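Reviewing the structure listed below.
The values are calculated or read from the model by the stated rules, or taken from the named source; none is laboratory data. All values derive from a computational prediction rather than experimental measurement. Every residue, glycine among them, receives a Cβ derived from its backbone with ideal geometry; neighbour counts consider all protein chains shown. The area values use the complete protein model at the heavy-atom level, side chains included, leaving out ligands, DNA and RNA. Shrake-Rupley method; radii C 1.70, N 1.55, O 1.52, S 1.80 Å.
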Amino acid sequence: ACGALTLWALRRPAQDDHATWLSMNLPATLRVAAQADPALALSPDGRTLAYTAEGTSNTRLIVARRVGDPLPSPVAGTENGGSASFSADGEWLVFLNRTARPTKVALIGGSTVTIPVQPGIALSQIRWASDESYAVTLVNGQLGMLGADGRVDTLLPLDRERNEAIHDVMEVLP
């Protein structure tokens, strides 16, 4: 058993455990938007940073910067969007569009895809949870899961007796 454990340890791929430091000088035309929630999103592989930017004419859009690129670039189709989150493979962003409807778009470009939501439900935040489900904060402060069919299941209702006002979706762990 000891020999098998040694053989397994020697054959394991080496872990990439080095730190990566990233600093950015943001162009004045793509500064981080005030009251953006969240302000930043980091891809699962740690190689792409996305944020809600505010241009000089107070228009919002989501921009992304890959490690090694000198400047962030606008992500097509995200105009007036915010609350960005990466897919597990880091190739897609989900965000809330200007009417707070959940939308996804590939980082490499292409058409946006509107994610259905049952009538009467309004969202304030969204995070990618799995291929076709999303953790969401509803405008009433409750935490829920949005499925591919557009149905939102409440995960955590507010406890008004404890003066809870909002359950905020920060990150979804695999």
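So here's what we get for this one:
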quantity: Qualifying residue in the range 47-55 (condition: part of a loop (DSSP other than H, G, I, E, B) and within 21 Å of ILE126 (Cβ to Cβ)); calculated: no
quantity: Residue match in the range 80-93 (condition: among the aromatic types (Phe, Trp, Tyr), modelled with pLDDT of 90 or more, closer than 20 Å to VAL117 by Cβ and open to solvent by less than 10 Å² (accessible area, probe 1.4 Å)); calculated: no
quantity: Residues located in the range 103-149, provided they are modelled with pLDDT under 90, surrounded by fewer than 15 Cβ atoms within 10 Å (Cβ to Cβ) and either among the hydrophobic types (A, V, I, L, M, F, W, C) or in contact with a helix residue (DSSP H, G or I) (Cβ under 6 Å, 6 or more places away or on another chain) (or both); calculated: ILE108, VAL139
quantity: Selection status of ILE126, in contact (Cβ under 8 Å) with a residue 40 or more places away in the chain and within 21 Å of ILE166 (Cβ to Cβ); calculated: yes
quantity: ALA64 being more than 23 Å from ALA122 (Cβ to Cβ), touching a strand residue (DSSP E or B) at 6+ places or on another chain (Cβ under 7 Å), at pLDDT 90 or above and of a type in the set (Gly, Ala, Ser); calculated: yes
quantity: Residues of the range 43-78 satisfying the condition of being hydrophobic (A, V, I, L, M, F, W, C), open to solvent by 20 Å² or more (accessible area, probe 1.4 Å) and within 13 Å of VAL105 (Cβ to Cβ); calculated: LEU61, ALA76
